Amino acid sequence: MEIPKIVGAGLVVIGVGMGIGRIGGSAMEAIARQPEATGKIQTAMLIAAALIEGIGFAALFAVGD
Amino acid sequence: MLKPYITAIFTFFLVFAGFASAEHNGAHAAESKDIKTEIKSYINHHLQDSHDFNLFELNGSHVGFPLPVILWDNGLHVFLSSAFHHGETVAESNGNYYTLFHNKVYRTDAAGAITLDDHQHPTNVAPLDFSITKNVFMILVVALLMLWMFGSMSRSYKSGKGLPQGVGRFLEPIILYIRDDIAIPNIGEKHYKKFMSYLLTVFFFIWIVNLFGLTPLGVNVTNNIAITFCLAILTYLITTFSAKKDYWMHIFWMPGVPAPMKLVLAPIELLGTFIKPFSLMIRLYANITAGHIVMMSIIGLMFIFKNWIGSSLSFFLAFVLSILELLVAALQAYVFTMLSALYFGSAVEEHHHEEAHH
């Protein structure tokens, strides 16, 4: 029972990492295009990253219990 | 060209250290397993709330101070946690005997017997525990600290000198940032004022508590899911009770979509109102807990490697991680405040006419 759980959590964490990576990369590109909108882009980036991050932690806790 | 040589020497030492530690592990496998379980139990112990404020251990004796234990067990029982002697003895109070089992108080007999069921849970009676535990103590300390900081700041404003003196000069830009970049854009010019006190309180509380968690005091207030649960419940209650009719209409009867879709959307939106504070709770708790576990595991590597290269690696990683955790401490406070402001904003938002055409 342990191994499928761990592999599943690993897959979720890979997905979360790719998601947050894409958000960060896109935010970088957006800031490069429009440096004057940096504040707004950062805010939106942090919110989106925080929402995705929650899923990753949920997966980690599924393994921990 | 000195650089390649340095790299080569460094690589050699790293590989050498790896072999050395592998050999060491082979020779003393049993001992290193002991250390691993000890580190694990130490981390678990750190993540739990405790009844006394234990700073560190020196030659097997605990250095710290006791905190009051307040129990309701058919009458009030108040005594100091030093009576437990760190869980080693039975405390007696008004004819009842109490003992600690995994940092929880249970009623027991004079001998301190604990009976366990099949799942290793004690069957002893657990009295209602209102103790000033380590977490409660730290919350009180942070509350007093914040009262002092913001009290002196408001006094400084009242004296009419314009710029605040002392600690207020450091806090003023942060408060302005929360007002201008978190509250006003998310809640709107019209309604933001009545939410400012909550947003500021929750931001500074989470931030200061997280920063205390990084000190060697071993405080872990936001590692406790009960505390993040309470913070999330506050956000949920404020959102629900300040909600205007447009908010409820967007939940139960979403405008601008066909009628069958409205029926589908209503339960999803209703569930969403509970998921939002739930994710607030999990996010803060999990971020800080994960940070503490990783930090203590990296420091624990020092005791597993037991050579200078492993120790310096562990020290370096712990240093880098501490800087990251400083960022995370502020970031989690920011995210909590930001999302709370977002939810308040959706609660007080008024109906826009252009939205009706969507």
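The values are calculated or read from the model by the stated rules, or taken from the named source; none is laboratory data. Quick caveat, the model's predicted, so the values are computed rather than measured. FYI the Cβ positions are ideal-geometry reconstructions off the backbone, even for glycines, and counts take in every protein chain you see.
Among A:LEU46, A:LEU11, A:LEU60, which is the only one that is among the aliphatic types (A, V, I, L, M), over 27 Å from B:THR337 (Cβ atoms), within 18 Å of the chain's Cα centre (by Cα) and part of a helix (DSSP H, G or I)? Let's see the steps before the verdict.
Details: A:LEU46 fails: over 27 Å from B:THR337 (Cβ atoms); A:LEU60 fails: over 27 Å from B:THR337 (Cβ atoms).
Of the residues listed, the single one that is among the aliphatic types (A, V, I, L, M), over 27 Å from B:THR337 (Cβ atoms), within 18 Å of the chain's Cα centre (by Cα) and part of a helix (DSSP H, G or I) is A:LEU11.
Taking B:HIS119 as meeting all but one of (1) loosely packed, with under 11 Cβ neighbours inside 10 Å; (2) modelled with pLDDT of 80 or more, write down the number of the exception.
Unmet for B:HIS119, out of (1) loosely packed, with under 11 Cβ neighbours inside 10 Å; (2) modelled with pLDDT of 80 or more: (2).
Residues of the stretch B:73-98 being in contact (Cβ under 8 Å) with a residue 24 or more places away in the chain and either under 19 Å from B:ASP49 (Cα atoms) or not in a strand (DSSP E or B) (or both), which ones?
The answer is B:ASP73, B:SER81, B:SER82, B:PHE84, B:HIS86, B:TYR98.
What are the residues in the stretch A:27-62 that are in contact (Cβ under 8 Å) with a residue 12 or more places away in the chain and away from every other protein chain (no Cβ under 12 Å), if any?
Within the stretch A:27-62, A:ALA27, A:ILE41 qualify.
Before we move on, is B:MET249 farther than 24 Å from B:PHE229 by Cα and out of contact with any helix residue (DSSP H, G or I) (no Cβ under 9 Å at 6 or more places or on another chain)? Spell out how you get there, then give the answer.
Details: farther than 24 Å from B:PHE229 by Cα: yes; out of contact with any helix residue (DSSP H, G or I) (no Cβ under 9 Å at 6 or more places or on another chain): yes.
Considered against the rule, which asks whether it is farther than 24 Å from B:PHE229 by Cα and out of contact with any helix residue (DSSP H, G or I) (no Cβ under 9 Å at 6 or more places or on another chain), B:MET249 comes out as yes.
Kindly evaluate B:VAL294 against the criterion of being in a helix (DSSP H, G or I), more than 14 Å from chain A (Cβ to nearest Cβ) and aliphatic (A, V, I, L, M).
Taking the combined requirement at face value, the residue does not satisfy it.
Within the group B:PHE170, B:PHE150, which residue is over 26 Å from B:THR235 (Cα atoms), at pLDDT 85 or above and more than 14 Å from every other protein chain (Cβ to nearest Cβ)?
So the residue among B:PHE170, B:PHE150 that is over 26 Å from B:THR235 (Cα atoms), at pLDDT 85 or above and more than 14 Å from every other protein chain (Cβ to nearest Cβ) is B:PHE170.
Looking at the structure I just gave you, is B:LEU317 of a type in the set (A, V, I, L, M), modelled with pLDDT of 90 or more, loosely packed, with under 14 Cβ neighbours inside 10 Å and out of contact with any Ser or Thr (no Cβ under 7 Å at 6 or more places or on another chain)?
So B:LEU317 fails the test.
For B:ALA113, which of the numbered conditions (1) assigned to a helix (DSSP H, G or I); (2) surrounded by fewer than 17 Cβ atoms within 10 Å (Cβ to Cβ) fails to hold?
(1)
Checking the structure you have, find out if any residue of the stretch A:15-26 is assigned to a helix (DSSP H, G or I), within 14 Å of chain B (Cβ to nearest Cβ) and touching an Asp or Glu at 6+ places or on another chain (Cβ under 9 Å).
Yes, the conditions are met somewhere in the stretch A:15-26.
Among B:GLY18, B:GLY87, B:GLY26, B:GLY64, which is outside the structural domain of B:GLY213 (by TED's automatic domain parsing), modelled with pLDDT under 75 and under 30 Å from B:ASN223 (Cβ atoms)?
From the options B:GLY18, B:GLY87, B:GLY26, B:GLY64, the qualifying one is B:GLY87.
Just one of B:VAL141, B:VAL125, B:VAL69 is outside the structural domain of B:TRP207 (by TED's automatic domain parsing) and closer than 26 Å to B:LEU217 by Cβ; which is it? Step through it out loud before you land on a result.
On the way: B:VAL141 fails: outside the structural domain of B:TRP207 (by TED's automatic domain parsing); B:VAL125 fails: closer than 26 Å to B:LEU217 by Cβ.
Only one candidate passes the filter, namely B:VAL69.
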